[in-house]
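Here's the structure we're looking at; comments come further down.
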Amino acid sequence: MKSYVAETFGTFWLVLGGCGSAVLAAGFPEVGIGLLGVSLAFGLTVLTMAYAIGHISGCHLNPAVSIGLWAGGRFPVEKLLPYIIAQVIGGLLGGGVLYAIAVGQVGFDVTAGFASNGYGVNSPGGYTMIAALITEVVMTMMFLIVIMGATDKKAPAGMAPIAIGLCLTLIHLISIPVTNTSVNPARSTGVALFAGDWAISQLWLFWLAPIIGAILGAVIYNYISSDDN
């Protein structure tokens, strides 16, 4: 039970810290943190939580990561659904606290996006659904390869959180213009349910693509890391 609670709080921090940086700080006049700051914020949420709860729950914070680790033989199937539920709850709690803060600003409009993920006219750069699908699959695939490699028993001990956090930062630097970067269904759900409308109607892609990418990443890592020639 403690591992599920840890996943809830970890995902809460990821959504509040990452999406909060986008909603509250990215475009603030003169001192806004911009794309680079938001990318770094997401990486820092994972890095800090990995050191805080990694020894308790493994610090997945992401249904796609849990599914990918299961597909890669690193996670038991009986814990999969409880982890996903805990992560989604954490994402919704993070989105809820962020919403409660954001509405305190005069003129705030949650329908303007609320850091939601989207494609087509809802993509920051106007990218198509196919471009968004490819981006989310490939980015999540690479994320799983880094996660599995950094946490491999052959990898340097204690360095995994840094590699994983920097990888998520890099992923955001690449893909914020395309989809606002998901690679995490719980992160997408946590804000989409508050934004409503198009964010909910497009949410399916940000569940499907990261899960496909995570499974691919796990399969690829197991292949390239195996002792077979």
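Based on the Cα atoms of region 86-214, what semi-axes does the equivalent ellipsoid have, where each is the square root of 5 times one gyration tensor eigenvalue, given in whole Å with the largest first? Mind dumping the intermediate values first?
Working: eigenvalues 147, 65, 30 Å².
Working from the Cα gyration tensor, I get semi-axes of 27, 18, 12 Å.
How much length, in nm to one decimal, is gained on full extension between ILE101 and LEU80, taken as 0.36 nm per residue of separation minus their Cα-Cα distance?
In short, 4.4 nm is gained.
Before rounding to the nearest 500, sum -39500 (n - 2.57) across all DSSP H runs of length at least 4 in the chain and divide by the residue total; then give [θ] at 222 nm in deg cm²/dmol.
On the way: 9 runs with 147 residues, N = 229.
So the calculated ellipticity at 222 nm is -21500 deg cm²/dmol.
Take the Cα pairs of the chain, get the Kirkwood Rh, then feed it into Stokes-Einstein at 25 °C and 0.890 mPa s and tell me D in µm²/s.
For these conditions, the coefficient is 142 µm²/s.
Calculate, in nm to one decimal, what SER226 and ILE134 gain on full extension: separation in residues at 0.36 nm each, minus their alpha carbon distance.
Here the answer is 30.4 nm.
Toward the positive end of the charge dipole of the chain, about the Cα centre and with charges on Cβ (Lys, Arg +1; Asp, Glu -1), which of VAL110, GLY68, MET159 goes farthest?
Toward the positive end, the furthest listed residue is MET159.
As I understand it, the value is the acute angle between the Cα axis of helix 80-102 and the longest principal axis of the Cα atoms of the chain; what does it come to in degrees, rounded to 10?
Compared with the principal axis, the helix lies near 20 degrees.
Once you have the Cα-Cα distance between ALA52 and LEU170, take 0.36 nm times their residue separation minus that, and quote the gain in nm to one decimal. Before the final figure, lay out each step's value.
Details: separation 118, 0.36 × 118 = 42.48 nm, distance 2.18 nm.
Full extension of this stretch gives 40.3 nm more.
Read-outs throughout are calculated quantities, based only on the coordinates presented, and are distinct from any laboratory measurement. Computed from a predicted structure; not experimentally measured. Reconstructed Cβ throughout: ideal geometry from the backbone, glycine too, with neighbour counts over all protein chains shown.
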